[in-house]
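> Handing you a structure now.
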Amino acid sequence: NLASGFGAISSSPFLGEGIFTQDGNAWKHSRELLRPQLSRQKYRTLKVFRAHVDSLLRQIPTDGTEVDLQPLFFRLTLETTTDFLFGKSINGMKPGQFSKGEKFARDFDNAQSYVLRRFRLLDLYWLISGPGFWRSCSSVHQFIQEIIDARTGDKLETSEKNGHYVFDSIAQEASTRDSLRGQLLNVLLAGRDTTACLLSWTLKVSAIAFCLAQHPDVLGRLNAEIAAIVGSEDNMTQDTLKKMPYLDKDLKEVLRLYPSVPVNTRTAHKTTILPTGGGKDRNKPVLVRKGQNVAFCVYAMHRREDLYGPDAHLFRPERWAENLPLYRDEKTAMWGYLPFNGGPRVCLGRK
């Protein structure tokens, strides 16, 4: 009974037709289209990311010089995601060199900043519609369309010949050029933005970076686990990652404290009743009328002491090996931890 609402409307000039801007049957079609493309089994090897990570590491000073990691993380994920989608990255990892890829990255960031401001204004999103927004959207669309045209005409030389991109599968199902561009942009946004935020929030800048820099004991234990499991192995796989339980706990804790989507909204497309949340004890039903907006804050929920203990505000990966209050019943365990949303709209790339 709840749809994406004004959040989708505010971002549709940028993202076009895609899984984040659709509801109903159109959304169901997009989800079924993308599900097999994001299958974990399809990407068991992580080799496709190696060159991009190596490029990132070469740009980090080794002499102790202070460096802002977040821009590098965003470029890394933009490269890996475009490689994943199209079979060729935009080569945006060289910020000193002007290129179409670098301009695309700037226009993408600018359009996204407008969308975030529109989102914060709720029903008044339309007030943020300056010429800069439309220019950035147009530039992003043109860049993606050029890649589509080259890919369709077999003029794009891909970096991978083993199927680690999804363009062809989506192109076969898309009914129009605009639909194809929209689907690709929606996946690009999800893969680029949320992954970069995760990377920057766990080593010091904005999550893995920040948390690990603040907790050298955790970093040391994590390094030891990775060195023991990986060693000199070049071709890491999903199976390799399964052998690292402390890495899993660390990522869970980062996503708990700094979820990629800290606030989300829905709009009721018909009058409905939420089972709890009303009354002084918040255990009474809540009436939500058609057209009303509902917002929920994952950031705040993930810091509740009744779910994660009295030290819920602290970064402590070891808590995930404990009997947390979160696990007191099945419903709480299912809905008390939502780094990837939940229900029908749970993130397809969560694994």
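Read-outs throughout are calculated quantities, based only on the coordinates presented, and are distinct from any laboratory measurement. Nothing here was measured: the structure is a model prediction, and the numbers come from that model. Quick reminder, even Gly has a Cβ in these numbers, built from the backbone with ideal geometry, and neighbours come from all protein chains shown.
> For the ranges 177-190, 212-225, 283-296, what's the packing order if you count other beta-carbon atoms within 10 Å of each residue, average per peptide, and put the highest first?
Values: 177-190: 21.5, 212-225: 14.9, 283-296: 12.9.
Result, highest mean first: 177-190, 212-225, 283-296.
> Can you tell me which of 271-282, 62-73 comes out highest on packing, and rank the rest after it, using the mean Cβ neighbours within 10 Å? Write out the running numbers ahead of the final one.
On the way: 271-282: 11.1, 62-73: 13.0.
Highest to lowest by the protection proxy: 62-73, 271-282.
> Relative contact order for the stretch 244-351: what is it in percent, counting Cα pairs under 8 Å that are at least 6 residues apart? Intermediate results must be reported in sequence, preceding the final value.
Values: 137 pairs, mean separation 29.4, N = 108.
Once normalised by length, the contact order is 27 percent.
> Karplus couplings for the stretch 129-142 from phi (6.51 cos²θ - 1.76 cosθ + 1.60, θ = phi - 60°), rounded to Hz, Gly and Pro as x?
8, x, x, x, 5, 5, 5, 5, 4, 4, 5, 4, 4, 5
> Checking the table 103/249; 103/252; 249/270; 88/249; 270/331 against a 28 Å threshold on Cα-Cα, which pairs fail?
Values: 103/249 37 Å; 103/252 34 Å; 249/270 40 Å; 88/249 33 Å; 270/331 25 Å.
Distance filter (> 28 Å) returns 103/249; 103/252; 249/270; 88/249.
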